[in-house]
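Right, one structure below, let's go through it.
The values are calculated or read from the model by the stated rules, or taken from the named source; none is laboratory data. This is a predicted model, so every value here is computed, not measured. A quick note on method: Cβ atoms are made from the backbone with ideal geometry, for glycine too, and the neighbour counts reach across all protein chains shown.
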Amino acid sequence: MKALVYDGPRSVSVRDVPDAGIERPTDVLVRITTTNICGSDLHMYEGRTGLEAGKILGHENMGEVVEVGAGVDRVQVGDQVSLPFNIGCGFCGNCERGNTGFCLTVNPGTAGGAYGFYGMGPYAGGQAELLRVPYGDFNCLVLPEDAAEKQNDYTMLSDIFPTGWHATELAGMRPGESVAVYGGGPVGIMAAYSAVLRGASQVFVVDRHPDRLKLAEKAGAIPIDDSQGDPAQQILDATDGVGADRGCECVGYQAHDAQGVEHPEMTLNSLFQAVRPTGGIGVVGLFLPGDPGGADADAQAGRYPIDYGTLWFKGQRVGNGQANVKNYNRQLAELIHRGKATPSFIVSHELSLAEAPDAYQSFDDRLEGWTKVLLKPAA
Ligand SMILES: NC(=O)c1ccc[n+]([C@@H]2O[C@H](COP(=O)([O-])OP(=O)(O)OC[C@H]3O[C@@H](n4cnc5c(N)ncnc54)[C@H](O)[C@@H]3O)[C@@H](O)[C@H]2O)c1
Ligand SMILES: [Zn+2]
Ligand SMILES: [Zn+2]
């Protein structure tokens with residue numbers, strides 16, 4: 001089969017690799033119809049994780065079931081399925097609690113597995129023609145009959161729509177509240193969209209790329225251009241000096257100022273300012289225990305100068321981590337099916353697998369108009 005392989009920093013290629021196949025009786029084999037490039041892929045693409053060369057990338061996958069293992073009861077050949085980027089077993093303590101992003105079975109020695117991801121187990125990614133799905137009965141969300149017609153909406157269920165929703169959930173958002181989102185990438189836009197769907201009174205999106213700020217407006221948010229002044233102050237000014245009730249961090253450890261200089265802690269410290277006392281903050285932007293490209297020894301060990309005193313003094317709560325996609329994907333699929341949500345509004349490009357290497361470069365450069373890239377390996 002053809003697959004997109006990581007060769008080293010800023011180098012990926014489409015190659016012939018051995019076909020994915022059923023390895024265990026609980027596996028399902030999926031022919032990928034749509035697989036997206038994510039901001040998480042870019043941390044790996046840029047060599048800012050310890051990812052080893054040879055890994056097939058791709059954790060935002062959907063497709064058609066072409067084979068099921070002997071121990072699979074529910075999922076059937078021909079089903080159109082969305083696959084949460086996290087791989088869960090369904091029976092460990094964390095999966096039982098709904099924390100499928102921290103499964104204790106699929107990546108022994110740590111918590112959480114994913115396709116094509118650094119530090120998340122040996123699983124190949126789905127930027128390929130075929131994908132092996134472990135514990136297929138648990139991990140496949142079988143889609144309704146409009147799966148093909150609404151493919152570009154349903155493809156957001158594998159990661160960014162649930163992840164954006166999770167950011168608002170971690171922040172403890174309630175209807176009628178105001179929400180400040182940092183980062184106008186696909187995840188930030190989905191957090192803003194989720195906040196609007198959940199009945200926010202005001203939603204802000206902080207970024208500096210005009211095309212991304214325009215998308216934020218399309219999602220129903222107020223754009224905050226941080227190249228035009230301190231974003232926290234702009235949010236305080238728009239909330240009668242009180243601050244937003246909730247904050248969502250959707251940038252991660254490669255946060256930088258408008259001039260491009262990285263300050264991994266800057267969005268967190270700004271959120272502590274922009275959110276009201278006793279408000280909540282959800283951090284879904286990626287932070288890791290190590291960063292080979294960190295500016296100094298502390299950054300290389302994932303240690304950052306966080307304004308803990310401000311956080312403590314304001315009595316704010318912070319929730320962190322990978323999104324437990326399975327907690328949300330069924331309900332969000334229903335919103336799509338019934339016409340209440342159309343997350344495809346962020347799609348900018350639909351490309352073949354062969355075009356993926358160029359697409360990585362353009363998305364990584366945050367070129368104007370490259371907001372969300374969908375790859376169609378089966379086309
Ligand atoms: N927790 C999860 O489960 C999960 C899932 C998916 C993605 N992620 C992470 O979410 C983050 C965002 O993903 P994405 O696909 O939207 O990525 P992206 O790189 O496309 O978007 C990030 C955006 O942040 C903006 N930005 C950079 N510095 C900023 C700052 N200081 N203030 C405000 N905005 C700033 C950039 O201009 C860019 O538009 C990444 O770190 C990704 O790894 C986490
Ligand atoms: Zn992703
Ligand atoms: Zn588990």
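Side notes on the structure shown:
- Only one of V106, V77, V66 that is at negative phi, surrounded by fewer than 22 Cβ atoms within 10 Å (Cβ to Cβ), in a loop (DSSP other than H, G, I, E, B) and in contact with a strand residue (DSSP E or B) (Cβ under 8 Å, 6 or more places away or on another chain): V77
- L51 vs. criteria farther than 20 Å from V325 by Cα, aliphatic (A, V, I, L, M) and assigned by TED's automatic domain parsing to the domain that holds F363: yes
Here is a yes/no grid of residues against (1) of a type in the set (D, E, K, R); (2) within 16 Å of ligand 1 (Cβ to nearest atom):
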position: R24; (1), (2): yes, no
position: D27; (1), (2): yes, no
position: R31; (1), (2): yes, no
position: G54; (1), (2): no, no
position: H59; (1), (2): no, yes
position: A70; (1), (2): no, no
position: N94; (1), (2): no, yes
position: N107; (1), (2): no, yes
position: G119; (1), (2): no, yes
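- Search result, residues across region 343-379 that are under 14 Å from G185 (Cβ atoms), crowded, with 16+ Cβ neighbours inside 10 Å and of a type in the set (A, V, I, L, M): I346, V347, V373
- Residues located in region 263-290, provided they are within 16 Å of ligand 2 (Cβ to nearest atom) and either outside the structural domain of V203 (by TED's automatic domain parsing) or in a loop (DSSP other than H, G, I, E, B) (or both): V284, G285, L286, F287, L288
- Looking only at region 91-103, and only at residues there that are within 6 Å of ligand 3 (Cβ to nearest atom) and surrounded by fewer than 21 Cβ atoms within 10 Å (Cβ to Cβ), the one that is nearest to N324 (Cα to Cα): N94
- Selection count, region 209-227, where residues are assigned to a helix (DSSP H, G or I) and under 16 Å from H256 (Cβ atoms): 3
- Among residues of region 291-321, those that are surrounded by 14 or more Cβ atoms within 10 Å (Cβ to Cβ), on the phi < 0 side of the Ramachandran plot and in a loop (DSSP other than H, G, I, E, B), counted: 9
- All positions within region 89-130 that are closer than 22 Å to L51 by Cβ, away from ligand 2 (no atom under 16 Å from the Cβ) and not hydroxyl-bearing (S, T, Y): F102, C103, V106, N107, P108, G109, A111, P122, E129, L130
- Cβ separations smaller than 9 Å between residues 6+ apart or across chains give no pair from region 264-277 residues that are among the basic types (K, R) to residues that are within 16 Å of ligand 2 (Cβ to nearest atom) and at pLDDT 95 or above.
- Listed by first and then second residue, the pairs with beta-carbon distance under 6 Å, at least 6 apart or on different chains, first residue in region 190-217 and free of Cβ contacts under 8 Å to residues at least 40 places away in the same chain and hydroxyl-bearing (S, T, Y), second buried (at least 21 other Cβ atoms within 10 Å of the Cβ) and outside any loop (DSSP other than H, G, I, E, B), are S194/G164; S194/W165; S194/T168; S201/S178.
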